[in-house]
1. What angle, in degrees between 0 and 90 and rounded to the nearest 10, separates the Cα long axis of helix 240-262 from the longest principal axis of the Cα atoms of the chain?
2. Any idea what the dipole of the range 84-235 comes to, in debye rounded to 20, about its Cα centre with Lys/Arg Cβ at +1 and Asp/Glu Cβ at -1?
3. So, with +1 on the Cβ of K and R and -1 on the Cβ of D and E, and no other charges, what is the size of the charge dipole of the chain about its Cα centre, to the nearest 20 debye?
4. Could you order I244, I310 by accessible surface area, starting with the largest, using a probe radius of 1.4 Å?
5. In whole percent, what relative contact order does the chain give with Cα contacts below 8 Å and a gap of six or more residues?
6. Taking the simple approach of a point 7 Å from Cα along Cα-to-Cβ for both R380 and I290, what is their distance in nm?
7. Just how much of K207 is accessible, in Å², when a 1.4 Å probe is used and the result is rounded to the nearest 10?
8. Sorted by accessible area (1.4 Å probe), largest first, how do I161, I148 line up?
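The values are calculated or read from the model by the stated rules, or taken from the named source; none is laboratory data. Bear in mind the structure is a predicted one, so any value in this text is a computation, not a measurement. Virtual Cβ from ideal backbone geometry, glycine too; neighbours counted across all protein chains shown. Remember, those area values only see protein heavy atoms, side chains included, never the ligands or the DNA or RNA. Shrake-Rupley method; radii C 1.70, N 1.55, O 1.52, S 1.80 Å.
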Amino acid sequence: MIESFLLAIRQLQTKKVRTLLILLGISVGVAAVVGVTSLGEGIRVNAVGEIEKSHDLTLIEVSPGVSNGNIILITESKVRAVREYGSIVDPYVKDAYVTPNKTYFEANGISAKYMDAKDLKLESGVWFEEGTYQIVLGSDIGEKFSKIEGAKIGNAIDARIRLYQEEGRAIDKDITFMITGRLKPTGTETDDQAFIDINMAKELTGKDVYDGIMVKLDKSGQTQAARTAIEKLGLTCYSAQDEIDSVNKIMNAVTLVLAFFSGISLIVGGLMIINTMIVSVYERTHEIGITKAIGASELDIIKLFLSECIIIGVLGGILGDLLGIIFSFLIDSVGRPMLVAQLGIADFEHLTVINMQILAAGFLISLVISVIAGIYPAWRGAKLDPVKALRQL
């Protein structure tokens, strides 16, 4: 086998220009795949990073589940069971209210533990007192109340909630809340919500079950185990990992499609190898005849030609990875400032990401394409009749 590679190297050295063109053809295709894949990976990494910055990875939101068409409610017993899996476990209720000016808002009945779990911070005012109809507003709903209702901290706000009795009859219940505080913006759904004491919220609605549970863990690495255990109780869980998984799935699919279309250029490189090897078989017909006449087998001829293809694939893969790194750097240097300036998005460190998996994939693609492209010419050379081959000058 070593002898076949030595012969292949000497053969490629005799056709330097032809070999260089083949290497360029295959390496440009690999560089395109590496560069585009690094772009997709970079976008994925940045998107996941933004989610991790804006979401708490140690937080799990639990809601009622569904089993065999039946709703699994969050009862006190369920809450006690969930308490085994988090450092902070706090149930809450939520209901929709409307003001006389038709301003709709969602009020969550919570306790102090909920505030700690969600890390809610006041921008102004104070938190509500337990056992009172005081209310704290999210930043967006607070702004809406100020503009539409003219209500600020220290003002009372009238609201109405619609309740349904067992027979389905609707009853409207009026309540007056006293605004005591306003939260700092979070960039999440919290900005559109209001918060009241959970005991008063349950008293208003007569609920004996909860709408959800906020579970806070000590470390993000505990999230999956806790989530699996809670879901076994029949409840539904949501965490920031769901968004990360969705981004990963979407970007993996997008990257695969981009790599596929950019990899079309590899077909050109493969065709160049096939064409070159067929020409090489024709030019070396007499040599092949002599080789077979002195005892070489068809397998030896195949090894000889495939050795050339392997060398081309290895060199093309290495050169393609190097060009791909340069291509990735150019995309990052030109594309990142343009995206930041034109789209007005937040600045980020890199638009592209190169890792060993991408480089290894580029190298393997080059090697596989080269070997596949050389199979037919090698087979054709191996099948030559030695007598006819020797007759050719």
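1. Around 30 degrees separate the two axes.
2. Working: 20 positive and 26 negative charges, 54 e Å.
Once rounded to the nearest 20, the dipole reads 260 debye.
3. Values: 38 positive and 46 negative charges, 410 e Å.
Here the chain has a charge dipole of around 1960 debye.
4. Working: I244 10, I310 50 Å².
Order by accessible area, largest first: I310, I244.
5. Working: 669 pairs, mean separation 119.9, N = 393.
Reported as a whole number, the value is 30 percent.
6. Result for the modelled spin labels: 2.3 nm.
7. Solvent-accessible area, nearest 10 Å²: 50 Å².
8. Working: I161 5, I148 90 Å².
So, going from the largest accessible area down, we get I148, I161.
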